Amino acid sequence: MFFLNPAYCQAALSPRIIELTSNKQYSHDAALFTQGFEREGDYLYESSGLYGASSLTKRHINNIAPLARYQFPDSIFAEGLSLVGDDVYVISYKEQQGFIFDKHTLRLKKQFKYTGEGWGLCFDGGTLVMSNGSDTLSWYQPESFKFLHSRKITEHAQSVDHLNELECHDGFIYVNIWNTPWIVKIDPRNGEVVQRYSLANLINQLTKSSEIDIANGITYAGKSKHWLITGKYWPVILEVKFPDK
């Protein structure tokens with residue numbers, strides 16, 4: 001079930017909060033402990049975590065059955081993913097090991113190393129951005145995964161901790177805050193949160209009909225200008241809009 005982290009109750013008083021709504025749903029595999037989530041055209045790419053159960057899947061938006069699947073070794077806890085050209089990058093939790101797959105077949109092409117924990121990952125068009133569960137985001141060169149720089153994220157001069165799943169879009173970074181109903185929109189130029197969105201009402205509606213876990217998974221849906229959001233063990237994917245005040 002979902003539990004609100006008390007540390008973010010004060011943030012809920014912010015006048016910039018927008019409560020998200022949804023008018024459309026897609027089916028989601030409720031067995032997946034969702035970590036990374038990307039849409040490209042009619043296809044969804046999703047990484048699922050936990051030791052002994054981590055996987056990467058590719059499916060059609062309207063069909064829950066995977067078109068391709070990669071099962072990670074039991075020693076790997078898969079985390080966030082991002083698409084870079086014809087490649088799918090997937091990072092791991094504590095193993096400091098990343099993986100590059102062919103996006104068409106999910107064939108493993110290459111592995112790479114990095115330092116620290118891996119949580120979320122997104123591609124901003126030139127570099128890969130990674131979270132590690134703290135208040136800091138880090139930027140990497142895609143070809144070598146060479147560390148470039150990092151930046152602390154703040155809101156009203158306060159650190160924003162537990163940064164998790166990421167989506168880079170239109171010059172901003174959208175982030176799930178771990179174990180909360182919050183998604184924040186970050187300006188990467190200064191690390192400041194410029195908008196905060198709440199999933200609280202949507203989560204409350206979902207929990208009336210099913211047992212769901214933490215919200216985790218954001219991806220831009222493309223030409224429709226909608227977004228798709230889901231969570232760990234969620235039976236649905238919700239289509240939403242991110243309006244700005």
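The values are calculated or read from the model by the stated rules, or taken from the named source; none is laboratory data. Bear in mind the structure is a predicted one, so any value in this text is a computation, not a measurement. Positions of Cβ are backbone-derived with ideal geometry, glycine not excepted, and every protein chain shown enters the neighbour counts. In case anyone asks, the SASA skips ligands and DNA or RNA and just uses the protein heavy atoms, side chains included. Shrake-Rupley method; radii C 1.70, N 1.55, O 1.52, S 1.80 Å.
When the solvent-accessible surface of protein heavy atoms is calculated with a 1.4 angstrom probe, in what order do Y220, Y51 fall, highest first?
Y51, Y220
Mind listing the long-range amide H neighbours of K103? Cut-off is under 5 Å, sequence gap 5 or more, other chains count too, H placed in the peptide plane at 1.01 Å from N.
D87, V88
Using a 1.4 angstrom probe with every protein chain in place, what is the largest-first accessible-area order of C168, C122?
Result of the area sort, largest leading: C168, C122.
How large is the Kirkwood hydrodynamic radius of the range 68-114, counting all unique pairs of alpha carbons, in Å?
10.7 Å
When the solvent-accessible surface of protein heavy atoms is calculated with a 1.4 angstrom probe, in what order do W178, W119 fall, highest first?
Descending order: W178, W119.
Filter K110/K225; K58/K241; K113/K225; K94/K208 down to the pairs with a C-alpha to C-alpha distance above 26 Å, please.
K110/K225; K113/K225; K94/K208
How much of V184 can a 1.4 Å solvent probe reach, expressed as accessible area in Å² and rounded to 10?
So the heavy atoms of V184 present about 0 Å² to solvent.
Mean residue ellipticity at 222 nm from the helices of the chain, using -39,500 (n - 2.57) per DSSP H segment of n ≥ 4 over the full residue count, to the nearest 500 deg cm²/dmol?
Using -39500 (n - 2.57) per qualifying helix, the result is -1000 deg cm²/dmol.
Could you report the chain's accessible area per residue, 1.4 Å probe, as an integer in Å²?
Heavy-atom SASA per residue in the chain reads 44 Å².
Quick one: plug the Kirkwood hydrodynamic radius of the chain (C-alpha pairs) into Stokes-Einstein at 10 °C, 1.306 mPa s, and report D in µm²/s.
Here the translational diffusion coefficient equals 89 µm²/s.
What's the extension gain from Q111 to N63 if we count 0.36 nm per residue and subtract their Cα-Cα distance?
Result for the pair: 14.3 nm of gain on full extension.
What figure in square angstrom, to the nearest 10, would you give for the accessible area of K24 with a 1.4 Å probe?
Per-residue accessible area (K24): approximately 90 Å².
Once ligands and nucleic acids are excluded and a 1.4 Å probe is used, how much of H104 is accessible, expressed in Å² to the nearest 10?
110 Å²
Sorted by packing (mean other beta-carbon atoms within 10 Å per residue), highest first, where do 133-139, 26-32, 108-114 land?
Put in order of decreasing packing, that is 133-139, 26-32, 108-114.
Per the 1.4 Å probe, what fraction of the accessible area of the chain, in percent, lies on carbon and sulfur atoms?
50 percent
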